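J.: This is the structure, below, for whatever I ask next.
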Amino acid sequence: MKVARSVGVREVRVEDDPEPVAGAGEVVGRVLACGVCGSDVLDAWVAKKVPAVLGHELCAEVVEVGRGVAGVAVGDRVVVHHHAPCGECRRCRRGHETLCDQFKSTRLYPGGFAERVRVPADLVDELLPVAAIDPERATFVEPLACVLRAFARCRLRAGDSLLVVGCGTSGLLAVAAAHARAVEAVWVREPRAERLERALALGAERHGNELVDVAIVCTTKPEAIAAGFAAVAPGGALCLYAPPDPGQALDLDGHQLYVGEVDVCASYSAGPRDMRAALDLIATGRVDPRSLITHRLPLADTGRALELARTGEAVKALVLPGT
């Protein structure tokens, strides 16, 4: 089968890999669509992984089930999550399931930018049927789940006010999800005019000098993080949604953090409950992500899809291996 393998931070080769085979308890799926995540184009993040087949925001059709698999059958269309926590360790019990050792060790083979994937046994229970939604919308379940976990991490509630800093895919999903969750006021900061217009079309307002209960920063830029922090009201929370580079200092006023009792948190990935909640929002139409898709490319052009995301030309680029 064909795969698009990242052999360097910014170098992708389309190669032939062996056809995956479902072992006991495993599933093989034909990739219908896979979204490009911001983490797929963060140099420091990707450098730790290459050579690798990236891509984890995928929808697939089951083409083979191994011995002992129940609850999923050939022909089912599913969303595939690439990690699964144990649910029992200290980190899981404290609500940090995305830091669980099992969560970090589980993965898809070879990755979403491929014609087919093998889902190992410890991930099969995380497959979510998505017959009610099309494959392109289904690719947004995982990134929306990450947004919902961030909401939980910073304790965003109905009636709160929210500032979203950075309106790429994650920021725009945060705007849409906040409205679906009855957040009272949603403001945005975004320097790109086209992306700002997308946020305003989703019901957000351009941020001025309003103080907010929660600021979620969906960019790694230090000045954006500092601006988000400056906008948090006393007793509020700042959530770092995008990973700063290793060694990157945070320019936050420690005194203001102390006297304002501002909570600073980070949110990485999503767990099983977040995935199910995100699927429900999309399946019921409360969040419709289709307008965020700006580019659709075949597997052979995965490198181009990554570059479109890296430069910001794409809001959401999808790789469609069947085209």
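J.: Write out, first by first residue and then by second, each pair whose Cβ atoms fall under 7 Å of each other, whose residues are 6+ apart or on separate chains, and whose first residue, in segment 188-209, is more than 14 Å from Ala227 (Cα to Cα) while the second is outside any strand (DSSP E or B) and open to solvent by 60 Å² or more (accessible area, probe 1.4 Å).
T.: Partner pairs satisfying both residue conditions: Gly203/His179.
J.: While we're looking at this one, here's another question. Please go through segment 11-22 and pick out each residue that is in a loop (DSSP other than H, G, I, E, B) and either at pLDDT below 95 or touching a strand residue (DSSP E or B) at 6+ places or on another chain (Cβ under 8 Å) (or both).
T.: The answer is Asp17, Glu19, Pro20, Val21, Ala22.
J.: Considering only segment 1-10, state which residues are surrounded by fewer than 18 Cβ atoms within 10 Å (Cβ to Cβ) and not in a loop (DSSP other than H, G, I, E, B).
T.: Lys2, Val7, Gly8
J.: Still on this structure, please answer the following. Could you list, in sequence order, all residues of segment 213-240 that are outside any strand (DSSP E or B) and open to solvent by less than 20 Å² (accessible area, probe 1.4 Å)?
T.: Ala224, Ile225, Gly228, Phe229, Ala231
J.: Between a first residue in segment 70-94 that is modelled with pLDDT under 95 and a second residue that is of a type in the set (Asp, Glu) and in a loop (DSSP other than H, G, I, E, B), which pairs have beta carbons less than 7 Å apart while being 6 or more apart in sequence or on different chains?
T.: As it stands, the answer is His81/Glu126; Ala84/Glu126, since those pairs meet every condition given.
J.: Please work out which residue is most open to solvent (accessible area, probe 1.4 Å), limiting yourself to segment 33-51 and to residues that are outside any helix (DSSP H, G or I) and in contact with a Pro (Cβ under 8 Å, 6 or more places away or on another chain).
T.: The residue in question is Leu42.
J.: Next question, about the same structure. Return the residues of segment 53-87 that are open to solvent by 20 Å² or more (accessible area, probe 1.4 Å), touching a Pro at 6+ places or on another chain (Cβ under 9 Å) and in a strand (DSSP E or B); say none if nothing qualifies.
T.: Glu61, Glu64, Arg77
J.: Would you check which residues across segment 154-185 are open to solvent by less than 30 Å² (accessible area, probe 1.4 Å) and either basic (Lys, Arg) or out of contact with any strand residue (DSSP E or B) (no Cβ under 9 Å at 6 or more places or on another chain) (or both) and list them?
T.: Leu173, Ala176, Ala177
J.: Taking segment 124-153, which residues are open to solvent by less than 50 Å² (accessible area, probe 1.4 Å) and aliphatic (A, V, I, L, M)?
T.: Val124, Leu127, Leu128, Val130, Ile133, Ala138, Val141, Leu144, Ala145, Val147, Leu148, Ala150
The values are calculated or read from the model by the stated rules, or taken from the named source; none is laboratory data. Remember, predicted model here, so these are calculated numbers, not experimental data. Reconstructed Cβ throughout: ideal geometry from the backbone, glycine too, with neighbour counts over all protein chains shown. All accessible areas refer to the heavy atoms of the entire protein, side chains included, with ligands and DNA or RNA removed. Shrake-Rupley method; radii C 1.70, N 1.55, O 1.52, S 1.80 Å.
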